[in-house]
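Participant: Quick one: structure below, then a few questions.
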Amino acid sequence: MIGNVLLDTNIVIALFGNESSIRQQLAAVNEVFIPCIVLGELYFGARKSTYSETNINRIDEFASSSNVLLCDTETSRQYGMIKAQLRAKGKPIPENDLWIAAIAKQHQLTLVTRDSHFQHIEDLTTERW
């Protein structure tokens, strides 16, 4: 068992796609959290899709049964530190991913993702599923 995890958007999409490996990995964790930013990305994707209403309903159901973490002042502090460190390294990453990483660091969660650019963030624990 690996403890508490925070899911990135690409992992939630894989979960929605019923990837058995994701379900198996989730069964081995203590507690699962979703950043509010991930929900925003999912809702945006749903609005662009052919089956918009169906996808929005699915996200609504998922959100209502998930531990959703919001941004606050401490998240903003983490965001500023991460962005400054990445800028100094010349390794920018997408803005939404900065916020997701900030939430993970704030709550000392392992970020589960398929994006390799999170590896450039100091003191961020990640797992690739």
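Each reported figure results from applying straightforward, stated rules to the coordinates on display, with no laboratory input. Everything quoted here is computed from the prediction, not taken from an experiment. Counting neighbours? That spans all protein chains shown, and the Cβs are built from the backbone with ideal geometry, glycine included.
Participant: Please give the number of the condition L26 fails out of (1) of a type in the set (A, V, I, L, M); (2) within 19 Å of A101 (Cβ to Cβ); (3) touching a strand residue (DSSP E or B) at 6+ places or on another chain (Cβ under 7 Å).
Facilitator: Exception for L26: condition (2).
Participant: Something else: Take region 118-129 and flag every residue that is outside any loop (DSSP other than H, G, I, E, B), farther than 16 Å from P35 by Cβ and either in contact (Cβ under 8 Å) with a residue 24 or more places away in the chain or basic (K, R) (or both). Before you say what the answer is, go through the steps one by one.
Facilitator: Narrowing region 118-129 to residues outside any loop (DSSP other than H, G, I, E, B): 118-120, 126-128.
Then keep just the ones that are farther than 16 Å from P35 by Cβ; that gives 119-120, 128.
Across region 118-129, the qualifying residues are H120, R128.
Participant: From the list F33, F62, F16, pick out the single residue that is among the aromatic types (F, W, Y) and either within 18 Å of T110 (Cβ to Cβ) or without any contact (Cβ under 8 Å) to a residue 12 or more places away in the chain (or both).
Facilitator: F33
Participant: A further question follows. Quick one: how many residues across region 59-72 are in contact with a helix residue (DSSP H, G or I) (Cβ under 7 Å, 6 or more places away or on another chain) and either surrounded by fewer than 15 Cβ atoms within 10 Å (Cβ to Cβ) or of a type in the set (A, V, I, L, M) (or both)?
Facilitator: 5
Participant: Another question about this same structure. Tell me the residue from L86, L69 that is within 28 Å of N18 (Cβ to Cβ) and in contact with a His (Cβ under 7 Å, 6 or more places away or on another chain), please.
Facilitator: Details: L86 fails: within 28 Å of N18 (Cβ to Cβ).
None of the other options fit; the residue is L69.
Participant: Moving to a separate point now. Quick one: is D97 of a type in the set (D, E) and surrounded by fewer than 18 Cβ atoms within 10 Å (Cβ to Cβ)? Even if it seems obvious, please write down each step before you answer.
Facilitator: Working: of a type in the set (D, E): yes; surrounded by fewer than 18 Cβ atoms within 10 Å (Cβ to Cβ): no.
Spelling it out, it is not the case that D97 is of a type in the set (D, E) and surrounded by fewer than 18 Cβ atoms within 10 Å (Cβ to Cβ).
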